[in-house]
Amino acid sequence: MATIKDIAKLANVSNATVSRVLNRDATLSVTEETRERIYSIAKELGYKRIKERQETKKQVAPNIGIIILQSPEEEIDDPYFNSIRNGVEQTLQAKGIYSTKVIHVQDSTTTSNIDGLDGLIIIGGVTSDKIKQMTAPLEHLVFVNRCPSEEEFDSVVIDFEKATSKALDYLFLKGFRRIGYIGGTERQLSDQGKVEIEDFRHTVYVKKMEELGLYEPSLVFIGEYKMTEGYKLMKRAIEAGNLPEAFFISSDPMAVGALRALKEANIAVPRDVSLVSFNDNEMAQFVDPPLTTVKVFTEQMGEMAVQLLLDRLNGRTLPLKVVVPTELVVRESVSEAVTAIKGAFL
């Protein structure tokens with residue numbers, strides 16, 4: 001690496017003169033010819049001031065990994081988490097960060113290779129003890145969708161209570177009273193493997209329906225977050241008879257499966273049954289009929305996770321929680337209720 005001494009020797013001036021010229025010392029009395037000769041030699045030798053070398057060092061892209069607490073097959077079945085991952089990867093690429101390691105963690109026996117990583121973005125649910133066991137001694141972690149400890153880690157989440165209430169309130173506004181629920185099972189990784197945890201969509205559904213005196217346990221159907229499960233659960237609801245006027249379905253893929261089961265049974269949507277789903281994946285607008293759904297800004301969640309992690313790497317120590325808003329997207333899968341008084345249960 002070129003030094004001031006090297007430049008001074010070639011320019012036939014003192015080391016001090018070179019230093020003052022390169023540091024833009026306006027008080028230095030030296031000819032313009034000498035200044036230009038020093039600049040030219042410095043450029044030719046590839047010389048960088050200490051400050052410039054430090055700034056260059058700071059610009060080296062960090063190594064950021066993504067832990068996905070799903071198998072690749074589960075990602076395909078439920079594109080919700082895959083969309084968050086896309087948001088992370090697109091944001092990293094836009095910032096010139098390409099050295100991303102993607103780690104799928106499926107059970108408690110899986111160990112993640114985090115060698116050489118500066119930080120991690122964890123997508124999905126995991127207990128605090130388990131993630132510390134997996135990622136020690138790495139400190140810079142950001143959690144997306146669920147956070148094991150908001151006092152310790154950065155997180156990007158949505159308000160499931162508000163999001164679910166948007167769907168149900170819209171059905172109440174349309175006059176529906178008998179509203180069924182089709183949902184999946186939420187899980188998180190622990191020392192015991194994948195264990196079931198509370199699904200806030202189901203919790204809010206039960207709470208709101210009970211408050212209005214409308215809750216019927218027989219109208220609740222829970223399986224796995226898969227399109228095929230949505231199909232099976234809706235068939236079970238049809239076979240049980242006394243189908244409700246509307247359903248809240250907790251993911252778009254499950255709603256697509258449910259639509260197929262209803263079509264096979266010659267039950268028209270929304271004429272006979274109305275549906276509101278959750279996520280607003282790309283498929284929601286292209287099925288027949290297009291789904292009314294609660295839009296979750298998954299790619300923006302991934303984008304925000306990257307920003308939080310970069311902030312951490314730049315020295316922030318206070319853990320932050322970002323709650324990303326949701327939006328009800330009204331399409332064609334909901335009609336006016338034939339019975340019940342519109343707005344009576346708001």
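The values are calculated or read from the model by the stated rules, or taken from the named source; none is laboratory data. Since this is a predicted model, take the numbers as computed values, not measurements. As a convention, Cβ positions derive from the backbone with ideal geometry for all residues, glycine included, and neighbour counts pool all protein chains shown. Quick note on the areas: whole protein, heavy atoms, side chains included, nothing else; ligands and nucleic acids left out. Shrake-Rupley method; radii C 1.70, N 1.55, O 1.52, S 1.80 Å.
Note on the chain: with neighbouring protein chains present and a 1.4 Å probe, carbon and sulfur make up 49 percent of its accessible heavy-atom surface.
How much FRET efficiency would the formula 1/(1 + (r/R0)^6) give for Asp129 and Asn242, where r is the Cβ-Cβ distance and R0 is 35 Å, rounded to 0.05?
0.15
Among Val294, Val269, the order of accessible area from largest down is Val269, Val294, computed with a 1.4 Å probe on protein heavy atoms. Scalar couplings 3J(HN,Hα) for region 227-233, obtained by applying the Karplus form with A = 6.51, B = -1.76, C = 1.60 to θ = phi - 60°, are 4, 5, 5, x, 5, 5, 5 Hz; x denotes Gly and Pro.
With the simple spin-label model, which puts each label point 7 Å out from Cα in the Cβ direction, the Lys321 to Glu336 separation comes to 4.2 nm.
Which order do Asp288, Asp77 take by accessible area at a 1.4 Å probe, largest first?
The ranking, largest first, comes out as Asp288, Asp77.
Surface exposure of the chain, expressed per residue as accessible area with a 1.4 Å probe, stands at 50 Å². Using a/c under 1.5 as the rounded threshold, could you call region 204-244 rounded, prolate or oblate? The axes a ≥ b ≥ c are square roots of the C-alpha gyration tensor eigenvalues, and prolate needs a/b larger than b/c, oblate otherwise. Oblate, since a/c reaches 1.5 and b/c is not below a/b. You can think of it this way: the chain between Glu44 and Val30 has 3.0 nm of extra reach, that is 0.36 nm per residue less the Cα-Cα gap. May I ask which of Lys43/Lys101; Lys101/Lys130; Lys194/Lys263; Lys226/Lys295; Lys101/Lys132; Lys194/Lys321 have a Cα-Cα span longer than 27 Å here? Exceeds cut-off: Lys43/Lys101; Lys194/Lys263. When the residues Lys9, Lys95 are ordered by accessible surface, computed with a 1.4 Å probe over the protein chains alone, the sequence from largest down reads Lys9, Lys95.
Cβ-Cβ distance of Asp159 and Glu211, R₀ of 25 Å, FRET efficiency by 1/(1 + (r/R0)^6): the value works out to about 0.85.
Between Asp272 and Asp191, the contour length at 0.36 nm per residue exceeds the Cα-Cα span by 24.5 nm.
Counting Lys and Arg as +1 and Asp and Glu as -1 over every other residue whose Cβ lies under 11 Å from the Cβ of Ala265, the net charge comes to 0. Can you list the residues, at least 5 places off or on another chain, whose amide H is less than 5 Å from the amide H of Gly193, using H built in the peptide plane? For Gly193, the qualifying residues are Ser108. Stretching the chain fully between Gln93 and Glu152 yields a gain of 18.5 nm (0.36 nm per residue, less the alpha carbon separation). Phi angles of region 317-334 translate, via the Karplus equation with coefficients 6.51, -1.76, 1.60 and θ = phi - 60°, into HN-Hα couplings of 10, 6, x, 10, 10, 10, 9, 8, x, 10, 8, 7, 9, 8, 10, 10, 8, 10 Hz per residue; Gly and Pro are given as x.
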